[in-house]
Every structure is written in structure tokens, then in C-alpha cells.
1. Would you call residue 199 more than 15 Å from the ligand (Cβ to nearest atom), over 24 Å from residue 134 (Cβ atoms) and more than 20 Å from the chain's Cα centre (by Cα)?
2. Could you look through the range 263-312, keep only residues that are within 16 Å of the ligand (Cβ to nearest atom) and either assigned to a strand (DSSP E or B) or modelled with pLDDT under 95 (or both), and pick out the one that is nearest to residue 128 (Cα to Cα)?
3. Does residue 149 meet the test of being buried (at least 23 other Cβ atoms within 10 Å of the Cβ) and within 16 Å of the ligand (Cβ to nearest atom)?
4. Tell me whether the range 235-243 contains one or more residues that are within 20 Å of the chain's Cα centre (by Cα), more than 16 Å from the ligand (Cβ to nearest atom) and assigned to a helix (DSSP H, G or I).
5. Answer yes or no as to whether residue 19 is within 14 Å of the ligand (Cβ to nearest atom), farther than 17 Å from residue 68 by Cα and touching a residue at least 40 places away in the same chain (Cβ under 8 Å).
6. For residue 37, state whether it is more than 27 Å from residue 205 (Cα to Cα) and in a loop (DSSP other than H, G, I, E, B).
7. Looking only at residues that are over 13 Å from residue 133 (Cα atoms) and touching a strand residue (DSSP E or B) at 6+ places or on another chain (Cβ under 6 Å) in the range 87-106, which one is surrounded by the fewest Cβ atoms within 10 Å (Cβ to Cβ)?
8. Tally up the residues in the range 40-80 that are surrounded by 14 or more Cβ atoms within 10 Å (Cβ to Cβ), part of a loop (DSSP other than H, G, I, E, B) and over 17 Å from the mean Cα position of the chain (by Cα), please.
Ligand code: 13P
């Protein structure tokens, strides 16, 4: 087994999953602002230290995705010392796809090989790249799917060339405007194109992770989400893929956990795990609100969500 395949396997060990704490300066700013927390470097560092320093988190959390600043703050080291594998978001966010109003393309390929070398030197073992697909009138276009799939494959190839496990994340946005059938149809087209491109770019499937959005609409129940998502994964994702993790995409904490739990109850051919951002952090951030005296209770809150999602990787979660 290659070293990357070994890392991928470790990241989706039964009972464990990944904390996505890679919010860009702007994204963390929005979350902080909503709670009246100043978006300063000091606060961002203190917040990530609160999460990463949670005693016992390593029992449920296999890896954490960081942002450039966090890795430069030396917090990758803090994770490694606890036995949590550090990863890094390497895309530079989305911009409008010119001539395709409302659609996005992700930037960050220029100079990526150099950045990957630097991140590997700082201890990162895996990377993440997020592409965004929006469902709407006439959207997504084939062009939007194609360009994002091509870029995801180029990113994945560069990441593997640097010895880093890529988290290939084509996020089909969860909006209130679309129904389940439409989400299934779009996700199907996206996964088909993404895996076609990954094969073309000679990606070692065992050494990559698919970070997937669920097949879901606003009102879909957990059993249906599970059935639909696992059926589509079986149809479009090679069994060799090293691991599959899900983003929460704006679902609340409990719903995210329930959906993952239902998926694992139907014994899919891969270990399905989580790589949640908001669904692991929302309550903890609200408890912390930037105050040192709240660190302990915020850690308890975070640990609880991590534990519930750990149970969901085994299909053993009981709704709270
Ligand atoms: P959410 O779980 O909040 O969607 O974030 C996961 C992530 O990493 C999105 O890129």
C-alpha cells in the first residue's frame, strides 16, 4: 500500500472522522461577526487552539483541515502531537465563471506545486480543494461541471505528486429551491465527470478521498438521504477510492449526524465518515464566543458532537 493510501485509510478509520476547520479569513469572519467576536488573528488562533486542544478529541477525530494561517501559527504540530493528522485547504476560493452568470469556478492552481511542497514541509499529510456547483434555472451548465472537474483532477494530481492525499470536494449546494430528483440528477452528472477526469489524470484512487455532498433536498428524511446517496455512490464511485467523507453544507448538527448514521446502517462498500465544518463547530463556537473562561465548556460541546458523529460512522447513533 502506498503511503498516501495508508493515510487515507487512517483518516476514515471506523469511529473517526475529520474536523474541517479551514475557514478562510472571510468565512471565519462571518461566523465570528454573527456572535460579536472580533475577526483578529489572535482570536482566530485562540479559537483553533480551543478546538484542537480538546482533551480526548483524538478518540473521535482522525484529522483536521487547517487554513494557511493556522498551519503557519504552528498548530499543525499541536495536532500531530495529539495523533490527529493535519491537513490543509489549498484552493484559493471561488470566482464567477465568466460568461456563465451565477456559476463559480475555483482558483488556486498557479504556483500550487510550490505551495504543496511548503505545506508538506510544515507537516501536512493531506489537502482539500472545494468546487461549487449551484442548482438553479439552467444551472449547472455542462461547462461549469466540466471546468470544475478538470481543475479538481489537476489539483488531485499535483497533490499526489507532492505525496499529499487529496480531498476532492465537488460540493453540490443545498438550496431550498431544488427537489431530491434534481439533486440526484446533478450529483450524478458531477460525480461521473469528476471520476472520468480523475482517471484521465491518472489519480491513484486508493490514495485519495472523495469529500461529497449528500443527495438531499431541504425536507428529505434521513433514510431517504441515505438510500439515495449510497445508491449513487455505488453507481459512480470506484470501490478503490481510499475513503468517502461528507460535508455538512448548512444542515444543522443533528441532521448531519443522523444522515451519516443512516448511511452507515446500510453497510456501504466504503467506510463513510464525516468532514464537517459547521456541524461540528456551531454549538462550540456559540459556547466559546471568544472568551477564555468558556474554553472548557466549549471543548465539552465540541467533544460531544465529535462523539455523536463517531457513533454515526458505525451506525450506532441514537437521536439526542
Ligand atoms: P461544512 O461542513 O460546514 O459544509 O464545511 C465543510 C467544508 O470543508 C466545506 O468545504
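1. yes
2. Checking each candidate, the answer is 275.
3. Spelling it out, it is not the case that residue 149 is buried (at least 23 other Cβ atoms within 10 Å of the Cβ) and within 16 Å of the ligand (Cβ to nearest atom).
4. Yes, the range 235-243 has at least one match.
5. No; evaluated as a whole, the condition is false for this residue.
6. For residue 37, the condition - more than 27 Å from residue 205 (Cα to Cα) and in a loop (DSSP other than H, G, I, E, B) - is met.
7. For the range 87-106, the residue satisfying everything is 91.
8. 3
The values are calculated or read from the model by the stated rules, or taken from the named source; none is laboratory data. All figures in this text were calculated on a predicted structure; none of them were measured in a lab. No Cβ is skipped: glycine too gets one built from the backbone with ideal geometry, and neighbour counts run over all protein chains shown.
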